[in-house]
Structure formats: C-alpha cells, structure tokens
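A.B. asks: What follows is a structure written as structure tokens; I'll ask about it next.
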Amino acid sequence: MSSPFKSEKIISHSIKEAELSTFLVGFDLTDDGKAQYRLKPLIDKLLEVIHEFAFGFHEGTETNNTQIFSKLTEAAKSIYKIDEFQKVKDIYENDGSILDTVEDKYLRRGEFGELILHLLLRDFHKTTPLLSKIYFKDSLGHTVHGFDAVHIEPETKTLWLGESKLYSNGKNGVKALIQDIHEHFKSDYLNSEFMLVSKKIKHFDNIPDKDYWVDLISEETKLSDKLNAINIPLLCTYTCNLFTDHQDETTEKFINDYRSEMLELKKYFDEHYDHPLKSKLNIVLFLFPVQNKVHLVKGLHNKLSLLQKLGE
C-alpha cells in the first residue's frame, strides 16, 4: 500500500526503532556533475501537504485535478490568516530568522515544524489526521494551542499526540521537546485538550470509529488506559553539519557519522527526560537533520506566499 504523499522518494526513513525514528534528505547531481542537497524537492513535497495540513479531513479527502490549484491557494491564504505564520513570513522576507532562544514559543509555529511532523506521520507511520489546528483557529487568527499533531492509527487503535521543534541546534530542540512533555502530559492539561478535541470531531461523520476515539479521550476513561493507547512522537528538525561535510548520503562514512549523531541525540534525550510518568508514556523521538533550517523555512514561505498572491 503506497503512502498518501509518496515522500519516501525524497525522504529516507533511516532508523526505525520503537523509541527512535530518524529521517534524512540526501543529494542529487546537478548538470555540471556536482552534488546538491535536495532542498527544492523537499519544499515541493511539503507544499503538496499544505491543503490537508490546513483543513484536515474536515472537508473530505477527494480533490480532482481541476481543484488542486484553488485548494492550494485557499490553504495558503488560510495559513497566513494565522498570526504566527504571517509574523514569521515577514521576518524571513526581511532576511531574518528565528533564533533557538526566542521567548515567544508560539512564533515557532510559523516555521512549519508541525507541517513536517504531519507529513512524517502520514507517510511513514500510516496515521490519519483527526483534526487540524489551522482549521480551528480562533476569532483573533490564532491556532488552537495544544498538541502540534493529533492523529489516529485506525488499525492499531492508537492515538498519536505529537510535538515538533524546528531549531538551528539539535540538542536545543530536544531540550525544548522535553519541556513540552512536562507541560502537556498532566491530567488536567490532557482532559482540557481532549474536551476541545471531542467538541470538534463530534460534528464530522468521516472519522473512522469516531465513537471509539470520543470514548477513549472522555474524562470517564482512566488516565492509565488513555496513556496505553497513545503514542507521543517528538520531532526535532534541525540544521546539521553532516550535509555540508558530506556530498553523498550513501557512503559508509556518511552512514556511520549520521547514525552516530542520531544515537548521540537519543542518548541526550534519555539522560535529560525525567517526567514523573516516564514509564507510562510511549514516546518516539523523531530526528530529521537538514542542511539548513533557515533555507528550508524561507523556501517554504517564498513558495507559499506566491500561492497566496496568485489566489488573490
């Protein structure tokens, strides 16, 4: 069964373990025979996901060829109605970037970490998005604050609650993810978030086994039973020197260096992760090193801005 967006042609799923899932984009040859990081194919693939990311399954999943352009421009316009995305676009258009030390953590949402997580879950972990935060923005143009991804895996009856970070430094991103776990995996926070999710999804008829998910996240269900049915993907996408130090992801040297860095970050996570419910949380650390996070975000905003303008 093929993946929804077929991103495996561009993104390699390198390490596939119960608690560690890592990805990479490699190189291709240019006309003059030099190696070039496949940034453009990655950006183009992420743009294919924009409509589903923005609207989820709430408007159905069928789109014919004549609707593709209008759906993409509609999605682009909806995203830039969100305050964080518009602010970040303005920053990058003026040759700025978001530093790892930025105090406004919601500003990071405009850097598309959630979009990358959405694609990785859909194509490599066979999930279905339960709802889109972009779709359920509030009247002031803010996304519904909460988990960065709320997906389901119908076959295994698993709920995926994800967090994402897009950083210049991998350890900074992992550290921030650990902080998210401490903030979000408390009974009061979970019950509040699940109440919002229940209110939203009860209006949609195309959610597989909707009654099961509503029952799972209800306040009447024990916290331990909820946690047993939840996977927590923590995505850190970050700038990595591997893609400037190497020019071929298939060499033994690159493969060894890549694996060494992934395991080092996983070790850093394990050493610093100390949540009281640690033994009850099914965490999967997602690591996605890229050549340059600034170039990735800027490229996405450039193309999405163009789509927005074409739709005006």
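A.B. asks: From LEU159, LEU119, grab the single residue that is more than 12 Å from PRO233 (Cα to Cα), modelled with pLDDT of 90 or more and touching a helix residue (DSSP H, G or I) at 6+ places or on another chain (Cβ under 8 Å).
C.D. replies: Exactly one residue qualifies, and that residue is LEU119.
A.B. asks: Quick check on my filter: what residues within segment 228-246 are in a helix (DSSP H, G or I) and buried (at least 19 other Cβ atoms within 10 Å of the Cβ)?
C.D. replies: PHE243
Every residue, every condition in (1) within 26 Å of LEU159 (Cβ to Cβ); (2) surrounded by fewer than 14 Cβ atoms within 10 Å (Cβ to Cβ); (3) at pLDDT below 80, yes or no:
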{"site": "LYS77", "(1), (2), (3)": "no, no, no"}
{"site": "TYR80", "(1), (2), (3)": "no, no, no"}
{"site": "LEU99", "(1), (2), (3)": "no, yes, no"}
{"site": "LEU115", "(1), (2), (3)": "yes, no, no"}
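A.B. asks: Touching a residue at least 12 places away in the same chain (Cβ under 8 Å), of a type in the set (Ser, Thr, Tyr), under 24 Å from LEU166 (Cα atoms) and touching a Leu at 6+ places or on another chain (Cβ under 7 Å): does that describe THR237?
C.D. replies: Spelling it out, THR237 is indeed touching a residue at least 12 places away in the same chain (Cβ under 8 Å), of a type in the set (Ser, Thr, Tyr), under 24 Å from LEU166 (Cα atoms) and touching a Leu at 6+ places or on another chain (Cβ under 7 Å).
A.B. asks: Now for a separate question. For segment 144-173, what are the residues that are assigned to a helix (DSSP H, G or I) and either on the phi > 0 side of the Ramachandran plot or under 14 Å from the mean Cα position of the chain (by Cα) (or both)?
C.D. replies: Matches in segment 144-173: GLY173 only.
A.B. asks: Please enumerate the residues belonging to segment 1-34 that are outside any loop (DSSP other than H, G, I, E, B), over 17 Å from THR127 (Cβ atoms) and either in contact (Cβ under 8 Å) with a residue 40 or more places away in the chain or within 15 Å of the chain's Cα centre (by Cα) (or both).
C.D. replies: Those that are outside any loop (DSSP other than H, G, I, E, B), over 17 Å from THR127 (Cβ atoms) and either in contact (Cβ under 8 Å) with a residue 40 or more places away in the chain or within 15 Å of the chain's Cα centre (by Cα) (or both): SER12, SER14, ILE15, LEU20, THR22, LEU24, VAL25, PHE27.
A.B. asks: Out of the residues in segment 165-199 that are touching a residue at least 12 places away in the same chain (Cβ under 8 Å), hydroxyl-bearing (Ser, Thr, Tyr) and out of contact with any Asp or Glu (no Cβ under 8 Å at 6 or more places or on another chain), which is nearest to THR22 (Cα to Cα)?
C.D. replies: SER187
A.B. asks: Ok, one more. On the given criteria, is LEU287 aliphatic (A, V, I, L, M), touching a helix residue (DSSP H, G or I) at 6+ places or on another chain (Cβ under 6 Å) and under 25 Å from LYS40 (Cα atoms)?
C.D. replies: yes
A.B. asks: Can you name every residue in segment 65-81 that is within 20 Å of the chain's Cα centre (by Cα) and either closer than 21 Å to LYS293 by Cα or of a type in the set (Asp, Glu) (or both)?
C.D. replies: Residues satisfying the conditions are ALA76, ILE79, TYR80.
For (1) acidic (Asp, Glu); (2) more than 21 Å from the chain's Cα centre (by Cα), each residue gets a yes or a no:
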residue	(1), (2)
SER192	no, yes
SER198	no, yes
ILE201	no, no
ILE207	no, no
LYS210	no, yes
GLU220	yes, yes
THR237	no, no
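A.B. asks: Does THR250 fit the bill of being touching a residue at least 40 places away in the same chain (Cβ under 8 Å), out of contact with any strand residue (DSSP E or B) (no Cβ under 8 Å at 6 or more places or on another chain), part of a helix (DSSP H, G or I) and among the polar types (S, T, N, Q)?
C.D. replies: When the stated conditions are applied, THR250 does not pass them.
A.B. asks: Same structure again: Answer with yes or no whether ILE50 is of a type in the set (A, V, I, L, M, F, W, C) and either at pLDDT below 85 or under 16 Å from LEU306 (Cα atoms) (or both).
C.D. replies: Against the criterion (of a type in the set (A, V, I, L, M, F, W, C) and either at pLDDT below 85 or under 16 Å from LEU306 (Cα atoms) (or both)), ILE50 qualifies.
A.B. asks: Here is a list: LYS165, LYS202, LYS186, LYS157. Which entry is surrounded by 16 or more Cβ atoms within 10 Å (Cβ to Cβ) and of a type in the set (Lys, Arg)?
C.D. replies: Sole residue among the options that is surrounded by 16 or more Cβ atoms within 10 Å (Cβ to Cβ) and of a type in the set (Lys, Arg): LYS165.
A.B. asks: On to the next question. Just a yes or no: is a residue in segment 129-137 at pLDDT 85 or above, buried (at least 22 other Cβ atoms within 10 Å of the Cβ) and in contact with a Leu (Cβ under 6 Å, 6 or more places away or on another chain)?
C.D. replies: No, segment 129-137 contains no residue that is at pLDDT 85 or above, buried (at least 22 other Cβ atoms within 10 Å of the Cβ) and in contact with a Leu (Cβ under 6 Å, 6 or more places away or on another chain).
A.B. asks: Hey, does segment 210-224 have a residue that's surrounded by 16 or more Cβ atoms within 10 Å (Cβ to Cβ), in contact with a helix residue (DSSP H, G or I) (Cβ under 6 Å, 6 or more places away or on another chain), over 30 Å from LEU39 (Cβ atoms) and touching a residue at least 40 places away in the same chain (Cβ under 8 Å)?
C.D. replies: yes
A.B. asks: Now, a different point. Filter segment 15-36 down to residues that are touching an Asp or Glu at 6+ places or on another chain (Cβ under 9 Å) and either over 17 Å from VAL294 (Cα atoms) or crowded, with 19+ Cβ neighbours inside 10 Å (or both), then give me how many there are.
C.D. replies: The total comes to 6.
The values are calculated or read from the model by the stated rules, or taken from the named source; none is laboratory data. Since we're looking at a predicted model, the values are computed, not measured. We place every Cβ from the backbone using ideal geometry, glycine too, and count neighbours over all the protein chains shown.
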